[in-house]
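Colleague: Below is the structure I would like to discuss, written out as structure tokens.
The values are calculated or read from the model by the stated rules, or taken from the named source; none is laboratory data. Values in this document were obtained by computation on a predicted structure and should not be read as measured data. Heads up, the Cβs are rebuilt from the backbone with ideal geometry, glycines too, and the neighbour counts pull from every protein chain shown. These accessible areas exclude ligands, DNA and RNA; they are computed on the full protein's heavy atoms, side chains included. Shrake-Rupley method; radii C 1.70, N 1.55, O 1.52, S 1.80 Å.
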Amino acid sequence: MANLKDIRKRIGTIESIKQVTRAMKLVAAAKLRRAQLNMEQARPYAGRIHGVLNHLLPDIDRTMHDLLTMRPAQKKAFIILTSDRGLCGSFNTNILRQAEHIVKAAGKENSKLICIGRKGYEYFSKRGYEVVEHYADFWNELDFSHATTMARAVTSRYLAGEFDDVKVIFNEFKNVAQQEIIEYHYLPLVLEDDAEEISTDYLFEPSKDEVIKSLIPRHLNIQMWRFLLESNASEQAARMTSMEAATNNAGDLIDSLRLEYNKARQAAITTEILEVVSGAEALVE
Amino acid sequence: MAAQFHLEIITPTKVYDEGDVDYVRAPGVDGAFGVLAGHTESIMALTIGEIKVVKGSVEKLYASTKGFAEITDKGVQLLVESAEPKGDIDLHRAQEAYDRAKEHLSRKQEEMEDQVRALRALERSMNRLKVAEKK
């Protein structure tokens, strides 16, 4: 039978763990709300840029802009978004496993990695992958300027010919209980065919080409911003769910330990009574 | 009252819905241009500068960065990467950015790309300061 004092100590420990996990859950929930709000606010801008670009791209010459030109994809780059911190369930494990799989399929030697979030950087740099750029410690004060900095860094490396093809691997926020890992083709620019019809013929100023040239970097910035927001929301949602599970588990554990404690206490009392009674009986004889 | 049109200033982090306005002036790549109701449908590239909105006798100024304007018969949407109403400009931050950019530019041996970046930052901060100090 376990020692009473030991059980009491364990209950105490688990009680404080439960408090921590509950606090983490609440913090994650608050951060998730903010992340969702950010996502909503980015939507109109992203939607319009995307709409106009989609409308324009089909009838322009792809060779007019280096970011549109398709080059034979010999050297590839992957942008991988993870979190800085753990305790968010299988959020990082899942994406790292899948990303590694994708990169291996593309050829480890021909691939360069850009890791956004510390977990990804730690994982891939230890395993001998070529990480050309990494970002960490910004998730808490996430700002649009982070997205522009990253987009610019990727674009200038791309234009310098360091790689011919850039894909982004990130967690897309489906709902609080669900994240989906997405592989997105970032560069060269390919747009889906869901081109929203803009019926009118616009007047372009200064010229159509100039407008497109100015639109492309805007588009890349807002896409990068979207990846950051999606990943951030997913991370907070994953943390919230896993911390909730942890809090519940701690509760269950405490319940079963209490039961064990009470049993042990009763057993101890029974033994003591038995000892007293048999002692008294011995005296009578 | 003259005809009005609907104006929205849309940034990645916020939408400023101005409602129906009389006039807007935006910083086009080839110089500022003004829009009144009934303007030809067009898409125009915008550069760093100030957006002026006129609604009745009220004038409003924004400091904005690059983007573009979409003018349709339904109204005008200005899609810019950042826009701050005159009163919301963080002067302290703009001044800091200005000083930082100046310092970068004074160091000669830096790479071309950093120079360009510093120049852009300088442009943005100067624009903010300029708009904020307007009467």
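Colleague: At a threshold of 8 angstrom on Cα-Cα distance, excluding pairs fewer than six apart, so keeping six or more, what relative contact order does chain A reach in percent?
Modeller: 32 percent.
Colleague: Another question about this same structure. Hey, got a sec? Which GluC sites (Glu not before Pro) in segment A:32-123 land in a DSSP loop and have at most 13 other Cβ atoms within 10 Å?
Modeller: Within segment A:32-123, the qualifying GluC sites (Glu not before Pro) (loop, at most 13 other Cβ atoms within 10 Å) are A:E109.
Colleague: Could I ask something else about it? Ballpark to the nearest 100 Å², how much total accessible area do B and A bury together, probe 1.4 Å?
Modeller: Summing both sides, the interface buries roughly 2200 Å².
Colleague: Same structure, new question: For a Förster distance of 45 Å, can you work out the FRET efficiency between the beta-carbons of A:S90 and A:S256, rounded to the nearest 0.05?
Modeller: The calculated FRET efficiency here is 0.95.
Colleague: Once label points are set 7 Å from the Cα along Cα→Cβ at both A:K263 and A:T13, what is their separation, rounded to one decimal in nm?
Modeller: 2.0
Colleague: What is the helix-to-structure angle for B:112-133, meaning the angle in degrees between its Cα long axis and the longest Cα principal axis of chain B, kept from 0 to 90 and rounded to the nearest 10?
Modeller: So the helix axis and the longest Cα principal axis differ by about 50 degrees.
Colleague: Okay, next question. Please state, to two decimals, what the Cα-based radius of gyration of segment A:135-285 comes to when divided by 2.2 N^0.38 Å (N = residues).
Modeller: Taking N as the residue count of segment A:135-285, the ratio is 2.17.
Colleague: Which whole-Hz ³J(HN,Hα) couplings does segment A:11-23 yield from phi under the Karplus relation 6.51 cos²θ - 1.76 cosθ + 1.60, θ = phi - 60°, glycine and proline marked x?
Modeller: Computed from phi, the couplings for segment A:11-23 are 4, x, 4, 5, 4, 6, 4, 4, 4, 5, 5, 5, 4 Hz.
Colleague: Under 16 Å from the Cα of A:K25, which aspartates and glutamates turn up, not counting those fewer than eight places away in the same chain?
Modeller: A:E15, A:E235, A:E244
Colleague: Then there's this: Summing -39500 (n - 2.57) over the DSSP H runs of n ≥ 4 in chain B and dividing by its residue number, what mean residue ellipticity at 222 nm do you reach, to the nearest 500 deg cm²/dmol?
Modeller: The per-residue figure over chain B is -9500 deg cm²/dmol.
Colleague: Just checking the output field for B:42-52: average partner chain Cβ neighbours within 10 Å of each residue's Cβ?
Modeller: Per-residue shielding by partner chains comes out at 4.
Colleague: Can you give me the distance in nm between label points at B:D20 and A:V20, each placed 7 Å from the Cα along the Cα-to-Cβ direction?
Modeller: 6.1
Colleague: Right, something else. Provide Rg and Dmax in Å for the protein assembly as shown, with only Cα atoms included in the calculation.
Modeller: Answer for the protein assembly as shown, Rg first and Dmax second: 29.5, 118 Å.
Colleague: Test of the criteria: in segment B:1-92, which GluC sites (Glu not before Pro) are in a DSSP loop and have at most 15 other Cβ atoms within 10 angstrom of their Cβ?
Modeller: B:E41
Colleague: Translational D (Stokes-Einstein, µm²/s) of segment B:90-132 at 25 °C and 0.890 mPa s when Rh comes from the Kirkwood sum over C-alpha pairs?
Modeller: 238
Colleague: Then there's this: Rounded to a whole number, what % of the accessible area of segment B:90-132 do carbon and sulfur atoms account for, probe 1.4 Å?
Modeller: 52
Colleague: Also, quick follow-up: Looking only at segment B:5-86, where both bridge partners belong to it, what percent of the DSSP beta bridges are antiparallel (to the nearest 5)?
Modeller: Around 90 percent antiparallel, to the nearest 5.
Colleague: Here is a follow-up. Could you order the peptides A:41-50, A:251-260 from most to least packed, using the average number of other C-beta atoms within 10 Å per residue?
Modeller: My ranking of the peptides, most packed first, is A:41-50, A:251-260.
Colleague: Per the Kirkwood formula on distinct C-alpha pairs, the Rh of segment B:5-86 is how many angstrom?
Modeller: Over segment B:5-86, the inverse of the mean reciprocal pair distance is 12.2 Å.
Colleague: Mind scanning A:K213/B:K86; A:K31/A:K108; A:K9/A:K263; A:K208/B:K134; A:K31/B:K52; A:K76/A:K174 and naming the pairs with a C-alpha gap bigger than 26 Å?
Modeller: Over 26 Å apart, Cα to Cα: A:K213/B:K86; A:K31/A:K108; A:K208/B:K134; A:K31/B:K52; A:K76/A:K174.
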